[in-house]
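The values are calculated or read from the model by the stated rules, or taken from the named source; none is laboratory data. Note that the coordinates shown come from a computational prediction; the quantities given were computed from them, not determined experimentally. Cβ sites come from the backbone with ideal geometry, for glycine too, and all protein chains shown count toward neighbours. Ligands, DNA and RNA are stripped out before the accessible areas are found, and what is left, the full protein with its side chains, is counted by its heavy atoms. Shrake-Rupley method; radii C 1.70, N 1.55, O 1.52, S 1.80 Å.
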Amino acid sequence: MSRAALDKKPAEVQAMFDGVARRYDLTNDVLSLGQDRRWRKAVTTAVDARPGDKVLDLAAGTGTSSLPFTEAGALAVPCDFSLGMLRVGKARLPHLNFTAGDAMRLPFADGVFDAVTISFGLRNVADPAVALAEMLRVTRPGGRLVVCEFSHPTWAPFRTVYTEYLMKALPAIARRVATNPDAYVYLAESIRAWPDQRELAGVIGKAGWERVGWRNLSGGIVTLHRARRAG
C-alpha cells in the first residue's frame, strides 16, 4: 500500500503510515522548512502539562510530540494506530508509554485524562466528529483539548502560492527524502480538502466541547484549536 485515498479507510491510512515510519520525523522537518518545531512548541504551551497531569497524545507517531509533556512531569500516553510508528518510537524512546489505539474507539476509561491533544492526525481520521466525541469521553470534567492541524492561510495571495507548493513542490521534495513519496501526495490532497478554521471549530463544538477557540500559526498554514470539557 503506497498511499491512502481521501475516503480515509483505516486500513489504508494505517498501512501508509507504517510505510513512512522510519524517516517520518526527518521528512516532516524538511517539508515544513523546520516550522514543525515551532508548531510543536506552540502545542506544548497550549497543553500546559504540569506535574501529575495525565496527557493523551493522539496520533503521536514515534513519540516526539510526547516528550515535552513527560519533561514537564506529566504522565504522557503516546497513542497511535500505526504499529510501524509505534515500533520505531519504542526503539528510540523506550521509556514512553506507547499505546496502540484507534482515535474513533479509544482503549481508555471515561474521564481519565487532564488533557488530550492531537497534532496533524485528526485530518487522517475517517470520521473526525466521532474521534472528537471519543476525546471528550476520556477527558475529565474541566479538562482541555488541543488540536494542531493544517488549515487555510488567511492572506489570499499567499494561499494561492501555498496551494501550488502543496500540489507541486511538496511531492517533488518528498521524492528526494521520504521512504514513501506517494504518501505525501495524499498529504497534499488531504490538506487542500480539509475544513478551514471556523468550520473545524464548529465540528469541535458539535462534538460537545466548550469554549472553542483557535490561533493561526505561520499565517494560517497551521491552526491551533483549543477547547474545554464542561466542568
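Condition (residue is open to solvent by 40 Å² or more (accessible area, probe 1.4 Å), within 16 Å of SER119 (Cα to Cα) and at pLDDT below 65) applied to segment 18-25: is it met by at least one residue?
yes
Do we have PRO51 as in a loop (DSSP other than H, G, I, E, B) and surrounded by fewer than 21 Cβ atoms within 10 Å (Cβ to Cβ) here?
Numbers: in a loop (DSSP other than H, G, I, E, B): yes; surrounded by fewer than 21 Cβ atoms within 10 Å (Cβ to Cβ): yes.
Answer is yes for this residue.
To keep it simple, each residue is scored yes or no on (1) more than 21 Å from THR45 (Cβ to Cβ); (2) at pLDDT below 95.
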{"residue": "TYR184", "(1), (2)": "yes, yes"}
{"residue": "ARG192", "(1), (2)": "yes, yes"}
{"residue": "LEU200", "(1), (2)": "no, no"}
{"residue": "ARG215", "(1), (2)": "no, no"}
{"residue": "ARG226", "(1), (2)": "no, no"}
{"residue": "ALA230", "(1), (2)": "yes, no"}
